[in-house]
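Colleague: Structure provided below as structure tokens; questions to follow.
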Amino acid sequence: MNSHLLEWLIMSLFIFCVGIYGLLTRKSGVGLLISLELMINAGALNFISIHRFLYPAQVDAQVFVLFVIAIAAAEVLLALALFMLLIKKQQPVDITQLNHLKH
Amino acid sequence: MIIYLLFFLVAFFSLLAVSSKSLYHSAIYLMGSLSVTAGLYLILEAEFLAGIQVLVYVGGILVLLVFALMLTQSDILVNDQPTFTKKIMAFGVSTSVFALGVWLLSSLHLHSIILPTASSPAPSIKQLGHAFLSVQKNGYILAFEIISVLLLTVLISAIVIAKKEKA
Amino acid sequence: MKSLSFYIHNLYQNQQWLDFILYLGLGLILTLSLMSVVALVLVYAERKIAAHFQCRLGPMRVGWHGTLQTVADALKLLLKEDLIPKAADRFLFALAPFLTVMAALLSLSVLPFSLSATLSNMNIGLLFLSAISGYGVLGILIGGWASNNKWSLLGAMRAGAQLISYELSMTLSLLSIVVLSGSLNLNEIIASQAQGWWIWRAHLVGFISFVIYIISSTAETNRTPFDMAEGESELTAGFHTEYSGMRFAFFFLSEYVNLFIVSAIGSILFLGGWMPLHIGEWESFNALMDFVPGPIWFLLKTGALIFLSMWFRWTFPRLRVDQLMRFEWKFLLPLGLINLFLSSIIALGGFYFFP
């Protein structure tokens, strides 16, 4: 019983599409972030599975995924800081209503 | 067998993470999905990555997310329910992307590639560290430094954005 | 190196189902029993030590010198009614204690009691330990929010802010030892201390990171002087105000198991874990020390660190929230960074004592 590459790629594609669904349906910013994390995670899983199946001796994919995780962390940090600012200004974190620049 | 169990769990948690009404629940399901992905990394022999995944996502990002959720008292966070038409449209888009991807992948003849055995070991943590900091042709020292500058910038800008304004 | 992934690998390569299930089952039973024994002993020890610090006798009635007191307390907790507040988020309220207990349980499973008595000899042991502690933080945060109570929420916020802040300097002090020993595997870290423990072998660097570790681990376990999260006079009981019965027992259990775990990590990294105490050229002394088995050494060192932590509790007054944060971000973190820098210089140059 050996697992083959196609299953893994379809799996990460599935998570990615679930992320797209979330991105299209969520209204609040935090919900968008959660869907975005899922999509990033799917990309990373794709990277690692191709690395393990096709080029198991090379480090590059793992280095890349570490970079991806670092950038995902940075992105969440900035987005949450923005949301905190909105909350402090008594505005809802609702992306359908966030259509003004600084007044 | 254990692989399919993990696949099922990832899919299950991801679906719940995007569809549950309360965002607090969503965050917890996201935690499940990311942790099980770390388990998949273990199967793919990327142990260091699995550890970092849990360390950064669960210990960092999710704690931050839950923290931010806790600081807010807003209806949209406990009840973020899309309208039915929106659901249908999003479902259509994501299924068509999925179908397109499966069609593309199935044309690639990937059935023959199976999981390598333990005889072809994955790169060790030492190799990973050397790749990060090497200045040779295959090194990533420049990217590493840029990422660290980026993280510092993000840290400072997050503080600047969220800090109290002077009266 | 037989790690967890080795067993997972075996499972789908050779289909050794029975081996795998036996390994998992035995491991689970061992860690669970270790967990309950540790919690029972530590709760008793805490009460006795606290009593003697205050010139009292402590529990004396149940059993000889009150030894059965904690067993009786545990029974009482199990029999208590399990309350869930009406306005609470039931799912998260039920989940939170399990997350903290799971973190404690998983951390216990990688601790090396001796070279052979290691349940899972992972090659990422230390990384695993610091990663898993994230679930505990999440459990506290969620438990505090799900209770739908002001005190719980405030306690959880304080606990969360404190835990993420002090995790930074804790990780930095762990990293300086990783730099010195050149491995993340706990058994290899212990083996690298054969010539001398890191607390004194790396000039002052090891000692400074030991001090940083002790301070930040006290904060990580939410103990005095850093127990703002459950400051009774301000917050009733902090994040577990609404919890009762079994669920409260889970939080209580994981608190003491976490105390054991951080002390165990301290003894592994700085005091040589299961390594016996050797002094230079004193052959007969060293031979005598070798006679004591590894697990005894490990438990002795861990016990010493636990006693230190209990000693702190009755010595220092509680800090204020702003003092706590200022201490971490303006003093401990820069010190940890400088210390990490110095330790990499020492590791590169090989300037150890007893090379």
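Colleague: If residue A:50 satisfies all but one of (1) closer than 16 Å to residue B:33 by Cα; (2) surrounded by fewer than 22 Cβ atoms within 10 Å (Cβ to Cβ), what's the number of the condition it fails?
Modeller: With (1) closer than 16 Å to residue B:33 by Cα; (2) surrounded by fewer than 22 Cβ atoms within 10 Å (Cβ to Cβ) applied to residue A:50, the lone miss is (1).
Colleague: All but one of (1) within 24 Å of residue C:170 (Cα to Cα); (2) surrounded by fewer than 22 Cβ atoms within 10 Å (Cβ to Cβ) hold for residue C:71; state the number of the condition that does not hold.
Modeller: The failed condition is (1).
Colleague: Among the residues of segment C:184-205, which ones are among the small types (Gly, Ala, Ser) and in a loop (DSSP other than H, G, I, E, B)? It would help to see each step written out before you state the result.
Modeller: Going residue by residue through segment C:184-205, those that are among the small types (Gly, Ala, Ser) are C:191-192, C:194, C:196, C:202.
Listed by number, the residues that qualify are C:192, C:194, C:196, C:202.
Colleague: Do we have any residue at all in segment C:338-354 that's touching a strand residue (DSSP E or B) at 6+ places or on another chain (Cβ under 7 Å) and surrounded by 12 or more Cβ atoms within 10 Å (Cβ to Cβ)? It would help to see each step written out before you state the result.
Modeller: The first filter runs over segment C:338-354 and keeps only residues touching a strand residue (DSSP E or B) at 6+ places or on another chain (Cβ under 7 Å), leaving none.
Checked against the condition, which is being touching a strand residue (DSSP E or B) at 6+ places or on another chain (Cβ under 7 Å) and surrounded by 12 or more Cβ atoms within 10 Å (Cβ to Cβ), segment C:338-354 yields no hits at all.
Colleague: If residue C:61 satisfies every condition in (1) open to solvent by 60 Å² or more (accessible area, probe 1.4 Å); (2) away from every other protein chain (no Cβ under 14 Å); (3) farther than 28 Å from residue C:28 by Cβ; (4) in contact (Cβ under 8 Å) with a residue 60 or more places away in the chain but one, which is the exception?
Modeller: Of (1) open to solvent by 60 Å² or more (accessible area, probe 1.4 Å); (2) away from every other protein chain (no Cβ under 14 Å); (3) farther than 28 Å from residue C:28 by Cβ; (4) in contact (Cβ under 8 Å) with a residue 60 or more places away in the chain, only one is false for residue C:61: (4).
Colleague: Restricting to helices (runs of 4 or more DSSP H) lying wholly in chain A: which have 3 or more residues that are within 7 Å of chain B (Cβ to nearest Cβ) and in contact with an Asp or Glu (Cβ under 9 Å, 6 or more places away or on another chain)? Steps first, answer last, please.
Modeller: On the way: elements: A:5-25, A:29-54, A:60-88.
Those helices (runs of 4 or more DSSP H) span A:29-54.
Colleague: Identify the residue in segment B:36-49 that is open to solvent by 10 Å² or more (accessible area, probe 1.4 Å) and touching a Leu at 6+ places or on another chain (Cβ under 9 Å) and, among all such residues, is modelled with the highest pLDDT. Quick ask: steps written out before the conclusion?
Modeller: Filtering segment B:36-49 for residues open to solvent by 10 Å² or more (accessible area, probe 1.4 Å) gives B:36, B:39, B:42, B:45, B:47-48.
Those still in the list that are touching a Leu at 6+ places or on another chain (Cβ under 9 Å) too: B:36, B:39, B:42, B:47-48.
Details: B:36: 92, B:39: 89, B:42: 85, B:47: 84, B:48: 87.
Restricting to residues being open to solvent by 10 Å² or more (accessible area, probe 1.4 Å) and touching a Leu at 6+ places or on another chain (Cβ under 9 Å), the top hit is B:36.
Colleague: How many of the residues making up segment C:142-156 are within 21 Å of the chain's Cα centre (by Cα) and more than 17 Å from residue C:99 (Cα to Cα)?
Modeller: Result for segment C:142-156: 1.
Colleague: Same structure again: Are there any pairs, at least 6 apart or on different chains, whose C-beta atoms fall under 6 Å, with the first in segment B:134-148 and within 12 Å of chain A (Cβ to nearest Cβ) and modelled with pLDDT under 80 and the second part of a loop (DSSP other than H, G, I, E, B) and surrounded by 13 or more Cβ atoms within 10 Å (Cβ to Cβ), and if so, which?
Modeller: Qualifying pairs under 6 Å: none.
Colleague: Of C:128, C:93, which residue is farther than 14 Å from residue C:255 by Cβ, more than 8 Å from chain B (Cβ to nearest Cβ), part of a helix (DSSP H, G or I) and of a type in the set (Phe, Trp, Tyr)?
Modeller: C:93
Colleague: Examine segment B:55-74 for a residue that is in the same structural domain as residue B:11 (by TED's automatic domain parsing), touching a strand residue (DSSP E or B) at 6+ places or on another chain (Cβ under 8 Å), surrounded by 17 or more Cβ atoms within 10 Å (Cβ to Cβ) and modelled with pLDDT of 80 or more, and state whether such a residue exists.
Modeller: no
Colleague: Quick one: residue B:123 ticks every box in (1) in a helix (DSSP H, G or I); (2) open to solvent by less than 90 Å² (accessible area, probe 1.4 Å); (3) closer than 26 Å to residue B:47 by Cβ bar one, so which box is it?
Modeller: Result: residue B:123 passes all but (1).
The values are calculated or read from the model by the stated rules, or taken from the named source; none is laboratory data. What you are looking at is a predicted structure, and each value in this text was computed from that prediction instead of being measured. When we count neighbours, we look across all protein chains shown, and the Cβ atoms used for this are built from the backbone with ideal geometry, even at glycine. Quick note on the areas: whole protein, heavy atoms, side chains included, nothing else; ligands and nucleic acids left out. Shrake-Rupley method; radii C 1.70, N 1.55, O 1.52, S 1.80 Å.
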